[in-house]
Number of protein chains: 2
Amino acid sequence: MAQIRHALNTKREDDFAAWYQEVISAAEMAEESGVRGCMVIRPWGWGIWERMQRLLDDRIKTTGHDNCYFPLFIPLSNFEREAEHVEGFAKEMAVVTHHRLIAGKDGGLVPDPEAKLEEPLVVRPTSETIIGDAMARWVQSWRDLPLKLNQWANVVRWEMRTRMFLRTSEFLWQEGHTAHADETEAKEHTLTMLEVYRAFADEDLALAVIAGEKPENERFPGAVETWSIEAMMQDGKALQAGTSHYLGTNFAQASGIKFQNKEGSESLAHTTSWGVSTRMVGGVIMTHGDDDGLRLPPRIAPQQVVILPMLRDKPEDEALIDYCEALRATLAGQSVFGEPLRVLLDTRPGKAAQKRWDYVRKGAPIIVEVGSRDMEGGVVSMLRRDRLWDAATGKVEFQNPTREVAGQTIPDILADMQNALLAQAAERRDANVTRGITDFAEVEKHFSDSRYPGWVEVQWSRPTGEALEKVVERLKEHKLTIRNVPMDAAPVDGTCIFTGEPAVERVLLAKAY
Amino acid sequence: MAQIRHALNTKREDDFAAWYQEVISAAEMAEESGVRGCMVIRPWGWGIWERMQRLLDDRIKTTGHDNCYFPLFIPLSNFEREAEHVEGFAKEMAVVTHHRLIAGKDGGLVPDPEAKLEEPLVVRPTSETIIGDAMARWVQSWRDLPLKLNQWANVVRWEMRTRMFLRTSEFLWQEGHTAHADETEAKEHTLTMLEVYRAFADEDLALAVIAGEKPENERFPGAVETWSIEAMMQDGKALQAGTSHYLGTNFAQASGIKFQNKEGSESLAHTTSWGVSTRMVGGVIMTHGDDDGLRLPPRIAPQQVVILPMLRDKPEDEALIDYCEALRATLAGQSVFGEPLRVLLDTRPGKAAQKRWDYVRKGAPIIVEVGSRDMEGGVVSMLRRDRLWDAATGKVEFQNPTREVAGQTIPDILADMQNALLAQAAERRDANVTRGITDFAEVEKHFSDSRYPGWVEVQWSRPTGEALEKVVERLKEHKLTIRNVPMDAAPVDGTCIFTGEPAVERVLLAKAY
Ligand SMILES: [Zn+2]
Ligand SMILES: [Zn+2]
């Protein structure tokens, strides 16, 4: 097997964290902005998020939600309600205290002391309270229910240690909020949205997630049930990729979301909330990236096919561009995944080989290079990003179909690639969930012995309160957390690995982002 | 002519400002949030903005721009650069000074004094400086140009007196920023984007705008040229609906956007910027609304057709819903304006007549009501929102095509309605631009005599500096402003109405929002 010279400097197995940063920079997805904790999302990174938004938004609309928009700023007093229930409340949030800048003494600018806000405003860390206030205004009767809202917005949670896409002070997300007449419907809806997330993660992002309920200690504050989808990264860690919460009547109580029920008396609404954020872009990178950069599932690739004519800055270039343009037009006229195929003919100045590697690093699914010899032969040189190398030769594996065959087969290749990436992710996940461990010492050994221990699925008795706290502490010593209780886990047949009591369900243990 | 009982309490001619607020509330477009200067955009209002975003975004992408995303927060020092050139700099902006809330003495929450930011952050009022910084990093050589970026974002400019959509502290917009190798290309691009805005405003929003250059005093600070599209509202005032700026090398100088040109020496880039905001939603209301509420151009209507079965909460309802569903499916399978037709079958509980008026106020283009008698006759009762009343009878003008004919003709009716709304707006605009006034006293008289004076187009010598200031002062006495120099105005043939010198161009004078 020949040695392959990869396109990145850092290999995943040498330094996964450094590799992650290199992918983001080499694929021109994002960069530091100079503003603490905030990143600039560059066109390629934004294009991916835009595709994700579009696909998830369609799914959210299909399940009957309306989009709307609530203010960026939330009055401090909204958090005071919440703080009453929280001992030692301290929240990392951006606080607006002034509404004007003026020239200071030293020539610089300062917040104008005369323009101090009477009540400071908080930049939304989530919109639960302000949307709750609106729901209380909008819901009067059972006829107004269910109320199913969604918002795409930026939110801010001050972070000291940030990591692009995974943890940034400002991030982008959608937050869904619904109100229902009763518990059954609200709980069902919580699971409907979990399934929307699972389908989006698997079918669109090819993440191969595991959906399940979070243990009590991992619940969203105020939630009665919290469900999540968990994705396995290539370093074996878990990434929580989306959550769906059944909030009972807790938030309805706090915000006063009451309605006259069919019997004519007053009831509290049952609410849900659920969110997915730009963090998921990090999950795509750590699931599909390789030592040559990003690999993108075709459904979310800003460009699914990139055509690179090998221009020489000579009059012959024109014929070559025409030859490529015919392929571009053929492809652009076709559909894949029910949408027009996205194809770019890149005629910017620069060498084709350099551009090829740029698009390899960016993870464009199919790259088509066309030189004058290809044109003479009526063919193109085509590479699939998910099968970049010929292992035998250590060279890039080009295929050379005729231009016509390329035009006809590329939609199928894209569909195939989408499936292949999901299959790879599912295979890796399945190979790295260890089952059958029945005592905790073995769990400890598993996670200390192996560099990529993946996840462990164990049986437990679902302890609560203090008993659960002890479990959490014990796991924490090994930097482990309980991810969720997989919905499709096998039935229990043993005892709890923590308490020795009869097991009631299976839980996943893992290190996590 | 019979008396018509309109759906709103306030008529445009009685109190235009109160009418505007009533439309927004009756159409459930937006409401006050309780947060100073920020509104809640409700699903119907958001649906309109979402349509506008989609249509404008397509146009922006077609002209070669990439979307990206820059931080919400901008360091204070970025504004200090700018402040150096501005005497008595004072800007109404939201200033973040702390990054944590803690419990205060009285049980409430306060910004944590220990978490005071070393350098305050400003919530972006526009992203010129931070995008300029990025462009300086990304542009090295002529090969990197043109660089054509766009961002959809929320921005904040503190406002004391707010008005929904027209002037809010937080608003939503797109801001385009481009860098070019030379003046010619940058100037051309400024006009390309102006034309994108004009086409969007006319073809999608049916606003019938006038595109032209702003006079020197109305230029964006730092711009060499500022162009605008101006729309005439039904009260005769002007609304600036979009601007496009050629910034010369001023911003490139401030941010250091330099590149190695083809000759190998260093040049400053020429930049442009252009923006359109949620303010345009206000323009749609004030252009198309009538005394029954909003009227929406079909291209931006969240639902183009609403079908209302007259349900009676009886077993027969099922057959009625099936009858309606067949029409819904027929319509949903068709295209209009190159997109799938948007149709809603509304089966929520509630009376059809009440719902009809709700959708009339919301401005849904076509409302189809179906009762059991319609079903028996194989017909539907259909109304066009732009021709609501039969003037002779004072009643709503229903048409009763067969269900099949309705299914076939509705796409054409929608296209017709889109054209009709544009024609109405253009007609009103043309009827209300007064030309031929040759001295200023006559202008004064025109604007003081008439309650709806519209706009006046006069000839002027394009005074600059102090001479222009005098003109502006004089206009200000009558609350008038110079809107722009229409691109397609007739050639000049007289003298300047202000200076008496030979005229060089024609300008529009108007009161404005
Ligand atoms: Zn959550
Ligand atoms: Zn501007």
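The values are calculated or read from the model by the stated rules, or taken from the named source; none is laboratory data. Computed from a prediction, not measured in an experiment: that's the story for all the values here. Cβ atoms come from the backbone with ideal geometry, glycine included; neighbour counts cover every protein chain shown.
Please work out if B:R5 is surrounded by fewer than 21 Cβ atoms within 10 Å (Cβ to Cβ), under 27 Å from B:Y197 (Cβ atoms) and among the basic types (K, R).
no
Return only the number of the condition from (1) of a type in the set (D, E, K, R); (2) at the interface with another protein chain (Cβ under 7 Å from one of its Cβ atoms); (3) more than 18 Å from the chain's Cα centre (by Cα) that A:E32 does not satisfy.
For A:E32, the exception is condition (2).
Would you mind stating whether B:K470 is more than 27 Å from B:P491 (Cβ to Cβ) and over 28 Å from the mean Cα position of the chain (by Cα)?
no
I'm trying to understand the selection: among the residues of the stretch A:37-55, which are part of a loop (DSSP other than H, G, I, E, B) and within 8 Å of chain B (Cβ to nearest Cβ)?
Within the stretch A:37-55, A:C38, A:R42 meet the criteria.
Can you name every residue in the stretch B:219-247 that is within 10 Å of ligand 2 (Cβ to nearest atom) and β-branched (V, I, T)?
Within the stretch B:219-247, B:T226, B:T243 qualify.
Hey, among the residues in the stretch A:8-21 that are buried (at least 20 other Cβ atoms within 10 Å of the Cβ) and part of a helix (DSSP H, G or I), which one's nearest to the other protein chains (Cβ to nearest Cβ)?
Checked the stretch A:8-21; the qualifying residue nearest to the other protein chains (Cβ to nearest Cβ) is A:Y20.
For the structure I just gave you, tell me whether B:A103 is more than 16 Å from ligand 2 (Cβ to nearest atom), at pLDDT below 95 and in contact with a Phe, Trp or Tyr (Cβ under 6 Å, 6 or more places away or on another chain).
So B:A103 passes the test.
Could you give me the residue pairs with C-beta distances under 6 Å whose first residue belongs to the stretch A:461-478 and is touching a residue at least 40 places away in the same chain (Cβ under 8 Å), whose second residue is of a type in the set (S, T, N, Q) and in a helix (DSSP H, G or I) wherever it lies, and which are 6+ apart or on separate chains?
Going by the 6 Å Cβ cut-off, the qualifying pairs are A:L468/A:N217; A:V472/A:N217.
Within the stretch B:162-182, work out how many residues are part of a strand (DSSP E or B) and touching an Asp or Glu at 6+ places or on another chain (Cβ under 9 Å).
Count: 6.
When you scan the stretch B:258-304, how many residues do you find that are among the small types (G, A, S), within 16 Å of ligand 2 (Cβ to nearest atom) and either farther than 23 Å from B:E31 by Cβ or at pLDDT below 95 (or both)?
Here the count works out to 2.
Would you call A:I24 touching a strand residue (DSSP E or B) at 6+ places or on another chain (Cβ under 7 Å), closer than 14 Å to A:V281 by Cβ, touching a residue at least 24 places away in the same chain (Cβ under 8 Å) and in a helix (DSSP H, G or I)?
Answer is yes for this residue.
In the stretch B:115-129, how many residues are at pLDDT 95 or above and more than 34 Å from the chain's Cα centre (by Cα)?
Total satisfying the criteria: 3.
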